[in-house]
Amino acid sequence: MEVRTAKRQDLVEIGRLAHEVWWRSYASLVTSETINRALDAHYTPSILAERLLKHDCFLAIEDGEMVGFAEGVPNEDRVVLATLHCRQGGSIEVGQILIDRMHSLAPGLPMCSDVVLGHLDAESFFEAVGFSPGEVIEAQLEGEAIVRRRWWLPAKAPAISLAQDDVQSG
């Protein structure tokens, strides 16, 4: 599997993936009008082009097909995983690879991602890849009231390397 930075030529395919994931994931959690407003507000080619310029965006490619998309924002105190979309099937492996790539931007910081409460697949996924549930946040999604839970992944411990001179023998 290849993970690479998203490019302008990927915009249409990212939009297709977003439509697939949003309808599969959110149809039972929010109204169809909210899903349509969210897709129109965040996944048109022009909006996606702006996001590629402002944030770190990565694609997972397998057998020439896009199977995942991640968008993140490293801040002073955390890496915010703003978007993680994976095609049906293989989502844990693909999602883990994208999270690892995003976390590598600032491994000394924790990572967080907000999940709509009741999105059981996402909650199970985040728990499976090492995130812990955190605070509950009341929010709006394109005008519809929702509740999110923030999930946290701890900072990665720095790698320890022992120089030959540091090793003492008894």
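Please treat every number below as a calculation from the coordinates, not as lab data. All of these numbers come straight from a predicted model, not from anything done at the bench. Here the Cβ positions follow ideal geometry from the backbone for every residue, glycine too, while neighbour counts run over all protein chains shown.
Before rounding to the nearest 500, sum -39500 (n - 2.57) across all DSSP H runs of length at least 4 in the chain and divide by the residue total; then give [θ] at 222 nm in deg cm²/dmol.
When only DSSP H runs of four or more count, the value is -10500 deg cm²/dmol.
Between ALA41 and LEU53, what is the spin-label point distance in nm, taking each point 7 Å from the Cα along the Cα→C-beta axis?
In this crude label model, ALA41 to LEU53 measures out at 2.1 nm.
Just grab the label-to-label distance for GLU93 and HIS19, each label 7 Å out from Cα along the Cβ direction, in nm (one decimal).
So the label points at GLU93 and HIS19 sit 2.8 nm apart.
Out of every Cα pair in region 1-149, what percent are spaced more than 19 Å from each other?
53
Mind giving me the nanometre distance, one decimal, between the label points for GLU62 and SER124, set 7 Å out from Cα along Cα→Cβ?
1.7
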